[in-house]
1. Only Lys, Arg, Asp and Glu count, each charged at its Cβ (+1, +1, -1, -1), so figure out the dipole size of the chain about its Cα centre, rounded to 20 debye.
2. Rounded, prolate or oblate: which fits region 93-141, taking a ≥ b ≥ c as square roots of the Cα gyration tensor eigenvalues, rounded meaning a/c under 1.5, else prolate when a/b beats b/c?
3. Would you kindly work out the equivalent ellipsoid of region 1-40 from its C-alpha gyration tensor and give its semi-axes, the square roots of five times the eigenvalues, largest first in whole Å?
4. At a Förster distance of 30 Å, what's the computed FRET efficiency of Ser73 paired with Phe104, Cβ-Cβ distance as r, to 0.05?
5. Which distance in Å, rounded to a whole number, links the C-alpha centroids of region 175-224 and region 27-53?
6. Would you mind putting 180-186, 32-38 in packing order, based on average other-beta-carbon counts within 10 Å, highest first?
7. For region 167-224, just say rounded, prolate or oblate: build the C-alpha gyration tensor, square-root its eigenvalues into a ≥ b ≥ c, call rounded for a/c under 1.5, and beyond that prolate if a/b exceeds b/c, oblate if not.
8. Can you give the Rg/Rh ratio of region 9-208, where Rg is from the C-alpha atoms and Rh is the Kirkwood radius?
Amino acid sequence: MELGLAGRRALVTGAGKGIGRSLVQALHAAGVRVVAVSRTQADLDSLVRECPGVEPLCVDLADWEATEHALGSVGPVDLLVNNAGVALLQPFLEVTKEAFDTSFDVNLRAVIQVSQIVARGMIARGAPGAIVNVSSQASQRALTNHTVYCDLAMNAVNPTVVMTPMGQANWNDPHKAKVMLDRIPLGKFAEVENVVDTILFLLSDRSSMTTGSTVPVDGGFLAT
């Protein structure tokens, strides 16, 4: 499906790995000019080699001042995907201040800050745009040891477990994985491209009547 995204400028956070990296590759292939934001310079370097023309921006979004400085002069952005996130899994009675602060800073506060910066530019230019937040099915239904992650849940995609390096690391125990897979009617975890395809749709004019919505990408988990 032709999405009509060519020529637009997008900013993607968490672009170094997983969903963000694959999304940057897909946007680049669709003719979108992409600003790729990651806290890991090596990931950005390899991404630029794969996708010449991508604009790398290295900043830790947990740092408010550094983010304001780095993105303050980023220039006009038409499409924003707030994808950066951390999953620090701890049982409720063992949640630490450090884990809470890090999760809050990256998963919620940075989303608000980056969206403010981009939205201000859109408003000043009088230009239309699209913002998509990558959330999780855990924002709608609690999961074991996801206490802070569940609490910190424009359009949003809510994937189930996605087979990124982080997803594989957190769900590599066969017993733990089976408990979750038994709750997913399709019987499998999501692949990165399942999430990327949904984001591309929400960024495009094809979704012009979809706003303020959350779109599950969960194999039926929330339907059961």
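1. Values: 17 positive and 22 negative charges, 79 e Å.
Using Cβ point charges on Lys, Arg, Asp and Glu, the chain gives about 380 debye.
2. Numbers: a/c = 6.27, a/b = 2.15, b/c = 2.92.
It comes out oblate by the Cα gyration axes.
3. Details: eigenvalues 71, 21, 7 Å².
Listed largest to smallest, the semi-axes of region 1-40 are 19, 10, 6 Å.
4. Details: r = 26 Å, r/R0 = 0.88.
In this case the efficiency is close to 0.70.
5. 24 Å
6. On the way: 180-186: 14.7, 32-38: 24.6.
Taking the mean over residues of other Cβ atoms within 10 Å, the ranking is 32-38, 180-186.
7. Details: a/c = 3.45, a/b = 2.09, b/c = 1.65.
It is prolate, given that a/c is not under 1.5 and a/b is the larger ratio.
8. Numbers: Rg = 16.8 Å, Rh = 17.4 Å.
Rounded to two decimals, Rg over Rh is 0.96.
Every read-out reported here was derived from the displayed coordinates using simple, explicitly stated rules and does not represent laboratory data. This is a predicted model, so every value here is computed, not measured. Using ideal geometry, Cβ is built from the backbone for each residue, glycine included, and neighbour counts are taken over all protein chains shown.
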